[in-house]
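The values are calculated or read from the model by the stated rules, or taken from the named source; none is laboratory data. Just so it is clear, the model here is predicted, and its values are computed rather than measured. Note that each Cβ is placed from the backbone with ideal geometry, even for glycine, and that neighbours are counted across all protein chains shown.
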């Protein structure tokens, strides 16, 4: 009897993806557990005197189909009941042990907020605009978003608040909270914080002093930055009149006052000198950076001697001397050398890459490659406009992208005051990058160095792929192993289109998780092996922990995130022949939500706000312009 042939890899992948998709369906076929059913029925009996939730009844024993209820793996995971005039207590809901999202905004609930210790899976809790009273609830350290504003809560803010390390949102405004804001509070991920319109007192902790004043307003006894300076601080005797103290808080010493005044005066003079010196150093550093960039670029060009600038099709024609005269600012150093922002004579701005680490057989090989790359023109590529070759140094001139890289957008300044990068913006950028890579592949070329620092963002917020086709010139030492490299590559210079697909899959995982891919020899302190980590989460349980915390506040994107994660996992398959081609990847991404068109009216504003970060915020090597 002939043995059955094993299923093909593509069939296995299809079955696996189907199984994953089914596991995320919000309306399971099987009935929910009795505990969730009875908990919801008890809640309705106690909180819905007007029978607003008429659909909730014992004749339909599967609550996953009820209004406001969503389920995951046959358990209630999301309960959103807003503006329904519900009353009473939320105690029955504490039996929903798999509840992840609970929103009961703008109802009429009252009394203390019951203990939520059983809700260990809870991540988003919105109870604003009710009439809850009593103290703040405990055992909420797993929350990402907490909104208890517009209630009647009293008592003090607990000192254990510093344990809530995952919090992105904390809104306690319009309550009756008293006491001080704990000085130990240091919520590094906090994005939205508001304790205004309470009865708080004392000095605002220094860790929160950078937030806007509106976050603390209408607390009559609260002081310190960003509000008014706290009263009651000692006034320096030398500045107070010895005849008439200004108020009771003046510390006036009749003996030794003159001596103390001289000491204080000297202190002021010294501090002023130090401040002036610091400002001078900063100004010197700024202008030195701009001047040294131009000087270094000019000197190296002169050392080359001979040769001329080769302008590619469609590029602006200028000579090497004009480029060397340009006002240049160093942007950063990457695997191949340094990159500069250069302003030429007519005011045009270009990016200049000085290639030092290059392994090339000769001028003809370099010339042929540049001509081939220069012919690639696509709205999702950073176009190469001109190049210069010499024995020691080579210059590549390309379009300048003012909005820096996708890496700086994702990872820069993840603290209070940061504008989160929304889902539509991320999807638009990676969709553009996918089209750019697919275009390169359609010309039978490879990119060879796909990573988030090489996806730049243009003035319209589109993702553009940079630094393509140059890996063949790099010595092995310049392309060190990193978290984007496909496992089958022993030599990073011998990239293939399928290894490009793997690198792009890692880029998608980076976009979804907010985590930096790791480098074998160290790297970012929070770096991880993304494909391995994601697969470990999948094996254990499909939970929201795999996704970036900043994405959890956006509604109705769960299915799109899961679908994109499936694409990323397919791209990072261990065997190259099991990975999809980039043309197919583009099609799958565009089918998510028609991302080939503009993703939303506020996408460009989000990009502009989020890019006001330090230029060295990228999580991998290379400057902010991807070089």
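Residue-wise test of (1) within 22 Å of residue 532 (Cα to Cα); (2) modelled with pLDDT under 85; (3) buried (at least 24 other Cβ atoms within 10 Å of the Cβ).
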{"position": "455", "(1), (2), (3)": "no, no, yes"}
{"position": "464", "(1), (2), (3)": "no, no, yes"}
{"position": "474", "(1), (2), (3)": "no, yes, no"}
{"position": "478", "(1), (2), (3)": "no, yes, no"}
{"position": "483", "(1), (2), (3)": "yes, no, yes"}
{"position": "496", "(1), (2), (3)": "yes, no, no"}
| request: Determine which single condition residue 445 fails, assuming it passes every other condition in (1) outside any loop (DSSP other than H, G, I, E, B); (2) modelled with pLDDT of 90 or more; (3) surrounded by fewer than 24 Cβ atoms within 10 Å (Cβ to Cβ); (4) out of contact with any strand residue (DSSP E or B) (no Cβ under 9 Å at 6 or more places or on another chain). | output: (1)
| Quick check: anything in the stretch 384-400 modelled with pLDDT of 80 or more, part of a loop (DSSP other than H, G, I, E, B), surrounded by 19 or more Cβ atoms within 10 Å (Cβ to Cβ) and at negative phi? | yes
| message | Taking the conditions exactly as written (assigned to a loop (DSSP other than H, G, I, E, B), in contact with a strand residue (DSSP E or B) (Cβ under 6 Å, 6 or more places away or on another chain) and at pLDDT 90 or above), does residue 149 satisfy them or not? | response | yes
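Please verify whether residue 127 is buried (at least 20 other Cβ atoms within 10 Å of the Cβ) and under 29 Å from residue 220 (Cα atoms), treating the condition exactly as stated.
Working: buried (at least 20 other Cβ atoms within 10 Å of the Cβ): yes; under 29 Å from residue 220 (Cα atoms): yes.
Taking the combined requirement at face value, the residue satisfies it.
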| query | Cβ-Cβ below 8 Å, separation at least six or inter-chain, first residue in the stretch 133-148 and over 20 Å from residue 555 (Cβ atoms), second part of a loop (DSSP other than H, G, I, E, B) and at pLDDT below 80: which pairs? | reply | 140/164; 141/164; 141/165; 141/166; 142/166
| What do you reckon, is residue 107 more than 20 Å from residue 147 (Cβ to Cβ) and either at pLDDT 80 or above or assigned by TED's automatic domain parsing to the domain that holds residue 149 (or both)? | no
| Pick from 27, 42: which is touching a helix residue (DSSP H, G or I) at 6+ places or on another chain (Cβ under 9 Å) and at pLDDT 80 or above? | 42
| field | Condition check for residue 40: in contact with a strand residue (DSSP E or B) (Cβ under 8 Å, 6 or more places away or on another chain), assigned to a helix (DSSP H, G or I), outside the structural domain of residue 549 (by TED's automatic domain parsing) and buried (at least 21 other Cβ atoms within 10 Å of the Cβ) | value | yes
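I'd like to know if the stretch 153-174 contains one or more residues that are in contact with a helix residue (DSSP H, G or I) (Cβ under 9 Å, 6 or more places away or on another chain) and not in a loop (DSSP other than H, G, I, E, B). Lay out the reasoning, then the answer.
So the first thing to find is which residues in the stretch 153-174 are in contact with a helix residue (DSSP H, G or I) (Cβ under 9 Å, 6 or more places away or on another chain), and the list is 166-168, 170, 173.
Those still in the list that are not in a loop (DSSP other than H, G, I, E, B) too: 170.
The answer is yes; a qualifying residue exists.
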